[in-house]
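Notes for the one structure printed next.
Nothing in this text is a laboratory measurement; each read-out follows from the coordinates by a stated rule. No experiment lies behind these values; they were computed from the predicted model shown. Positions of Cβ are backbone-derived with ideal geometry, glycine not excepted, and every protein chain shown enters the neighbour counts.
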Amino acid sequence: MNETKEKSYTECFNELKSLVDSAAEGQVEIDELFDKVKRAKELILVCKDKLSRTEVDIELLTRKMEEMQAEN
């Protein structure tokens, strides 16, 4: 999963979308399904982590901006 964490959110999301699309179109063999679901789970966790960290960063920046405006 370390190599997955190094990918950008967009790369992970696009790979996840590709996995979902191929499964929805019936392009995944039953023998591959377990590995595909496992990979999808990894990608979902990485995307959620990146979104959570981005949310925290935005909240911190917003607070800093509000503090700066209050000082002026």
Highest GNM mean-square fluctuation among 16, 45, 61, for the chain with Cα springs under 10 Å, belongs to 61
Going residue by residue through the range 60-65, the Karplus relation 6.51 cos²θ - 1.76 cosθ + 1.60 with θ = phi - 60° gives ³J(HN,Hα) values, rounded to whole Hz and with x marking Gly or Pro, of 5, 5, 4, 4, 4, 5
Result: in the chain the number of Lys pairs with C-alpha under 27 Å apart, spaced 8 or more or on different chains, is 24
How far apart, in nanometres, would the label points at residue 33 and residue 57 be if each is projected 7 angstrom from Cα along the Cα-to-Cβ direction? 3.8 nm
Stick to Cα atoms and the Kirkwood definition of Rh, then tell me Rg/Rh for the range 2-71. 1.25
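What does the charge count around residue 65 come to, taking other residues whose C-beta lies under 15 Å from its C-beta (Lys +1, Arg +1, Asp -1, Glu -1)? Display every interim value, and only then the final one.
Values: positive: 63, 64; negative: 57, 59, 66, 67, 71.
For residues surrounding residue 65, the net value is -3.
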Length-normalised contact order of the chain in % [C-alpha pairs under 8 Å, at least 6 apart]: 42 percent
Hey, got the dipole for the chain? About the Cα centre, +1 on K and R Cβ, -1 on D and E Cβ, debye to the nearest 20? 140 debye
